[in-house]
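Worksheet: one structure, shown below.
The values are calculated or read from the model by the stated rules, or taken from the named source; none is laboratory data. It should be emphasised that the depicted structure is a prediction, and the values quoted were computed from it without experimental measurement. Here Cβ is always computed from backbone atoms with ideal geometry, including for glycine, and neighbour counts include all displayed protein chains. We work out accessible area using only protein heavy atoms, side chains counted, and drop any ligands, DNA or RNA first. Shrake-Rupley method; radii C 1.70, N 1.55, O 1.52, S 1.80 Å.
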Amino acid sequence: MEERRIRIFDTTLRDGEQSPGVSLTEAEKLDIARQLARLGVDVIEAGFPVNSAAEGRAVAAIAHEVRGPVICALARTHPADVAAAAEALRGAAAARIHVFTSASPVHLRHLLRKAEDEVIEASVVAVREARRFTADVEFSGQDCGRAERPFIVRLYAAAIAAGATTINIPDTVGYAQPEEFADLIRFVRSEVPGADRVAISVHTHDDLGLAVANALAGVRAGADQVECAVNGIGERAGNCSLEEVVMALATRRDLYARTTGVHTVELARTSRLVAALTGMAVPGNKAVVGANAFAHESGIHQDGVLKERTTYEIMRPEDVGLAGTRLVLGKHSGRHALRQRLEELGYHLDEAAFRRTQERLKDMAARKQEIGDRELEAIVRSESALGEEAAFRLDHLQVLSGSQLVPTATVRIVAAPGDRCLVASADGDGPVDATYRAIQRAVGASFTLVDYSLHAAAAGGDAVGEASVRVRDAGGREAIGRGASTDVIEASAQAFVGAIARLATAAPHATAAASAGATA
Ligand code: KIV
Ligand code: ZN
């Protein structure tokens, strides 16, 4: 059977970033984009530039710096959107503009409030306009899963005639079933005039848990490109999960006869990075990258795997990058070795962030002799989340807690500018609650803890704990903070201080909800 290459179009930074509550900074988007390039995706959809000036700047920074994948920006069929996408992509070595409209009756009637002919006309104008900037133009009609086929033919034929080079078929609301979706792709390929000259892409959502199944059905029906997001994050129930679709294609090559350019050994690291930066934890039972994806609990399974791994494993953990190395740290750990390991792990820290990371590791060497890659990553993430100019920094924490004690915490926080020391104590229902009350008292403001998670970055009682929080201020703005320490209360305190420091420097309306709500 002749094998074909499937293009992997990653939309973690656009559709994925539309996950409720997720809001990434420009630096975080760049970190993810660099890692996606290491992973070997073909296209990075970096954002929707017209959405905000900050989003435009982030797309421009990625276009300027990241090499390898094509960098793509989203645009509605509005001249201002296409212009903003073109402007943001100016620095890219290879640029794509992704123009989208809607295809279903319900979208045309209630969302666009336009007749079919008007939608086609606006699409043609926008695609032509996009082609003035780049020869690589993708076109999508949202909600094809519920669209009428005669309109799909007219809309996509017009977009191809206007210059679209990839036509994307979105099942925007995750309504389609695999056989139906495959039939739709075959229909588009055979009935849309010009479809034989362009690439066909599939974009599936997980509302019924079928995003990956539908994407794979689309591939079997002849799709050339799959749109997906790391950890399957995205609007509502999310997008097609990148790691699942890639590993399905790799593991069942016998069935699909398709290859991808993805270096699967980078999957676990990419997943961890996205989980940490978005604050969206990966469930233990998540396929491919979950903590239990290669864990065997029952005696029969353990026995089988010990005798012959393939009795209960269809993939090898090392193929998805789940085998970590350990770095031996001590007072004399070399700066060069640390820098090199960080680079190997995909972290390119500036001098200040590197120095802070090194300091943290030196402090930790007193409590812990060896540190693994995941622990190192957790420390780097908590340090880089804060940045050099952080408005608040945790300087000191003392907690009293025990079964017969009222938990009490005292904190000292250094506030910029001027390095003022803010000290306060409080009691609470537990040590973390007492700490969070003390922090709020010290900075003189109240916050709501929207989300809190804590996990061990490695096995063992002395493992580094990574805490992630989402905090809301009185104005409704939200921010994520992260902390990492062998002391989980300290990690929790760092995360909380990190989140309120970000709120202190965020633009007045740069809330997670605002940036998610105004997008595609
Ligand atoms: O789900 C969807 O329809 C989209 C489009 C913008 C492609 O995300
Ligand atoms: Zn989508």
Quick one: which residues, 5+ away or cross-chain, put their amide H under 5 Å from the amide H of Gly372? H built at 1.01 Å from N. Leu327
How much accessible area per residue does the range 373-491 have, counting only protein heavy atoms and a probe of 1.4 Å, in square angstrom? 46
At q = 0.11, 0.12 Å⁻¹, what log₁₀ I(q)/I(0) does a Debye calculation on the Cα points of the range 385-516 give, no solvent, two decimals? -0.37, -0.44
What percent antiparallel are the DSSP beta bridges of the chain, to the nearest 5? 50
Pop out the ³J(HN,Hα) list for the range 38-52 in order, Karplus 6.51 cos²θ - 1.76 cosθ + 1.60 with θ = phi - 60°, rounded to Hz; leave Gly and Pro as x. 4, 5, x, 5, 7, 9, 10, 7, 8, x, 10, x, 5, 4, 6
Candidate lysines - alpha carbon under 20 Å from Lys307, same-chain residues fewer than 8 apart omitted: none
Once you list every other residue whose beta carbon is under 15 Å from the beta carbon of Arg197, what net charge do they have if Lys and Arg are +1 and Asp and Glu are -1? -3
Whole-Hz Karplus couplings 3J(HN,Hα) for the range 216-228, θ = phi - 60° and coefficients 6.51, -1.76, 1.60, Gly and Pro as x, run 5, 5, x, 4, 5, 8, x, 5, 9, 9, 10, 9, 7
Just the number please: accessible area per residue for the range 118-256, 1.4 Å probe, all protein chains included, in Å². 35
Quick calc, Ala257 & Ser446: beta-carbon distance into FRET formula, R0 56 Å, rounding 0.05, result 0.45
Would you please give the residues with an amide H less than 5 Å from that of Gly40, counting only those at least 5 places away or on a separate chain, with H modeled from the backbone geometry? His263
Can you give the calculated 222 nm mean residue ellipticity of the chain, where each DSSP H run of n ≥ 4 adds -39,500 (n - 2.57) and the sum is split over every residue, rounded to the nearest 500 deg cm²/dmol? -12000 deg cm²/dmol
Taking amide hydrogens as modeled 1.01 Å from N in the peptide plane, which residues meet the under 5 Å criterion relative to Leu89, leaving out close sequence neighbours? none
Cα principal axis extents for the chain, largest first, Å: 73, 60, 43
With a 4.7 Å Cβ cut-off, tell me which Cys residues in the chain come up empty for a partner. Cys72, Cys144, Cys421
Can you give the Kirkwood hydrodynamic radius for the range 422-469, in Å, rounded to one decimal and based on Cα pairs? 12.3
Using the per-residue mean of other Cβ atoms lying within 10 Å as a proxy for protection, in what order, highest first, do the peptides 181-190, 494-503, 452-461 fall? 494-503, 181-190, 452-461
Just the number, please: carbon plus sulfur as a percent of the accessible area of the chain, 1.4 Å probe, no ligands or DNA/RNA counted. 51
Please list, by residue number, every one of the trypsin sites (Lys or Arg not before Pro) in the range 19-121 that is coil in DSSP and has at most 13 other beta-carbon atoms within 10 Å. Arg67, Arg90, Arg113
With a cut-off of 8 Å between alpha carbons and a minimum separation of six or more residues, what is the relative contact order of the chain in percent? 12
Tilt relative to the chain, helix 351-365 - C-alpha long axis, 0 to 90 degrees, to 10: 50
So if I place +1 on the C-beta of Lys and Arg and -1 on the C-beta of Asp and Glu, and nothing else carries charge, what would the dipole magnitude of the range 385-516 be about its Cα centre? I want it in debye, nearest 20. 360
Rounded accessible area per residue of the range 295-371, 1.4 Å, Å²: 64
For the range 4-278, the Cα-Cα pair-distance distribution in 10 Å bins from 0, as whole percents, is 7, 33, 40, 19, 2
Using the Karplus equation 6.51 cos²θ - 1.76 cosθ + 1.60 (θ = phi - 60°), what ³J(HN,Hα) coupling, rounded to whole Hz, does each residue of the range 126-140 give in order, writing x for Gly and Pro? 5, 5, 4, 5, 4, 5, 5, 9, 9, 7, 10, 10, 9, 10, 10
